[in-house]
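Enquirer: So that we are looking at the same thing, I have put the structure below in structure tokens.
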Amino acid sequence: MRVFKDVGKLSNEDLDALILSKLKSKRKEVLCASSIGEDTALLDMEGDYIVLSSDPITGAAENLGALAIHISVNDVATKSADAVGVLLTLLLPVNTSSKEIETIMADAQRAADEVNMDIIGGHTEITDAVSKPVMISTVIGRVAKEHMPDSDAVKPGDVVAMSKVAGLEGTAIICTDCADALKDMGEELLSQGQELMNELSVQKEGEVAAGYHIRAMHDVTEGGVEGALWEMARALGVGMCIEKEAIPVLDSTRALAEIADIDLYRLISSGSMLVVMDRNDFEPMRNELEERSILFTKIGEITDDFRVIYKNGDGEEAIPSPGPDELYGALLKLQ
């Protein structure tokens, strides 16, 4: 028997051995269930596909409601699905005030309005099992079958692209929750990081992608860009050759990574979408996203050798499987 002491998600190896290997799908309606690198379940109800995703928010002290909404909506956006409704479970520590609850739910409702989705139910409870508020969101979306990414069409030479920047959500959380400890960054960079809290949705990327030849999409969550690349390659059964220098990074993220001594490429980045797509569609999709003020960057290509690597000049470096996210170490050091 093992005892887990590191904060964060289970490793993919432990997740597979302890949880996923125990799950069996028997219903014909279930087209896709939980797996490594797959953040959504997919149901065929003899019409549009139903896309579902569930996530907890445990690492943030501020903006809890908005984070809970956007993180799960981002997962269904990887299937170009329209988010219809969300169930919210809110676990609150003893001595929580009514004002705190009202603030969290007002925050959640604003975020739901932004993505045109209804909060349709859930559960709220005061419990001594938590020491700070925890919110779990389960989003239900729908998508026409013809708009789904086609992972069976993936081939060597396909483009690996990403929207926005690395470490997006982690930068927003750390700059918001640890502002006093980051004063040496300067007011301009600190504000730049805090403003990323408004960039956590990839809903627009999912909508635009429905018009192109997309093989797969993956919201960059725990484990950061490197973790998402590794998981995506495994889910698709392909290799990836990535140019590390091509991955866009803000100055605020570089500054806090230096202060907190963390690897920014392993920092949670909800709000960034990884996209594997036909190389001929990259430029048109980039242009369409840039018209919506969304940065979209080619960072690599699909290969047929099943390795996930950085290519640096004549050398290369393996991208390892994801471990604990850097967010938790940064919060522990700075709070």
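Enquirer: In vacuum, with every alpha carbon of the range 1-139 counted as one equal point scatterer, what does the Debye formula give for log10 I(q)/I(0) at q = 0.21 Å⁻¹? Two decimals, please.
Expert: -1.29
Enquirer: Each residue of the range 87-94 in turn: what ³J(HN,Hα) in whole Hz from Karplus with 6.51, -1.76, 1.60 and θ = phi - 60°, glycine and Pro shown as x?
Expert: Going residue by residue, I get 9, 10, 10, 10, 9, 10, x, 4 Hz, with x marking Gly and Pro.
Enquirer: What FRET efficiency, computed as 1/(1 + (r/R0)^6) with R0 = 25 Å and r the Cβ-Cβ distance, is obtained for S191 and K333, rounded to the nearest 0.05? Before the final figure, lay out each step's value.
Expert: Working: r = 21 Å, r/R0 = 0.86.
So the FRET efficiency works out to roughly 0.70.
Enquirer: How much length is gained on full extension from S293 to E114, taking 0.36 nm per residue of separation minus their Cα-Cα distance? If you can, show how the numbers build up before the last one.
Expert: Numbers: separation 179, 0.36 × 179 = 64.44 nm, distance 1.67 nm.
Full-extension gain reported as 62.8 nm.
Enquirer: Between K26 and D184, how many nm apart are label points set 7 Å from Cα along the C-beta direction?
Expert: 5.9 nm
Enquirer: Right, another one. How much length is gained on full extension from E46 to M1, taking 0.36 nm per residue of separation minus their Cα-Cα distance? Don't jump to the answer; show the numbers that get you there.
Expert: On the way: separation 45, 0.36 × 45 = 16.20 nm, distance 4.38 nm.
In short, 11.8 nm is gained.
Enquirer: Now a separate question. If each DSSP helix of 4+ residues adds -39,500 (n - 2.57) and the sum is divided by the residues in the chain, what number results at 222 nm, nearest 500 deg cm²/dmol?
Expert: Numbers: 10 runs with 106 residues, N = 335.
The per-residue figure over the chain is -9500 deg cm²/dmol.
Enquirer: Contour minus end-to-end for V94 and K9, with contour as 0.36 nm per residue of separation and end-to-end as the Cα-Cα distance?
Expert: Values: separation 85, 0.36 × 85 = 30.60 nm, distance 2.52 nm.
Between V94 and K9, full extension yields 28.1 nm more.
Enquirer: Moving on. Hey, got the Cα dimensions of the range 118-258 along the principal axes, in Å, largest first?
Expert: 49, 43, 26
Enquirer: Take the Cα atoms of the range 199-320, find their three principal axes, and give me the spread along each one in whole Å, biggest first.
Expert: Ordered largest first, the range 199-320 gives principal extents of 40, 34, 25 Å.
Enquirer: Connecting C-alpha atoms closer than 10 Å in a GNM of the chain, tell me which of G170, G157, G239 has the biggest fluctuation.
Expert: Answer for the Gaussian network model of the chain: G157.
Enquirer: In a GNM of the chain with a 10 Å cut-off on Cα contacts, which of T297, T124, T78 has the highest mean-square fluctuation?
Expert: Of T297, T124, T78, the most mobile in the Gaussian network model is T124.
Enquirer: Just how much of E187 is accessible, in Å², when a 1.4 Å probe is used and the result is rounded to the nearest 10?
Expert: My reading of the accessible area for E187 is about 150 Å².
Enquirer: Then there is this: Hey, which of these cross-link pairs are over 19 Å Cα-Cα: K24/K145; K164/K333; K79/K145? Don't skip to the answer; put the middle values down first.
Expert: Working: K24/K145 24 Å; K164/K333 27 Å; K79/K145 10 Å.
Exceeds cut-off: K24/K145; K164/K333.
Enquirer: Which distance in nm do the two modelled labels at E125 and N280 give, with both placed 7 Å along the Cα-to-Cβ direction?
Expert: 5.4 nm
Enquirer: For the range 123-176, what is the largest minus smallest coordinate of the Cα atoms on each principal axis, given in angstrom and ordered from greatest to least?
Expert: 51, 31, 16
Enquirer: How large is ³J(HN,Hα), in whole Hz, for each residue of the range 176-184 in order, when computed from phi with the Karplus curve 6.51 cos²θ - 1.76 cosθ + 1.60 and θ = phi - 60°, using x for Gly and Pro?
Expert: Running phi through 6.51 cos²θ - 1.76 cosθ + 1.60 with θ = phi - 60° gives 7, 7, 10, 4, 4, 6, 10, 4, 5 Hz.
Enquirer: Just for the range 189-335, what percent of DSSP beta bridges are antiparallel, to the closest 5?
Expert: Bridges in the range 189-335 are about 80 percent antiparallel.
The values are calculated or read from the model by the stated rules, or taken from the named source; none is laboratory data. Computed from a prediction, not measured in an experiment: that's the story for all the values here. In this analysis, Cβ positions are derived from the backbone assuming ideal geometry, glycine residues included, and neighbour counts consider all displayed protein chains. When the accessible area is computed, the model is the full protein with side chains, heavy atoms only, and any ligands, DNA or RNA have been set aside. Shrake-Rupley method; radii C 1.70, N 1.55, O 1.52, S 1.80 Å.
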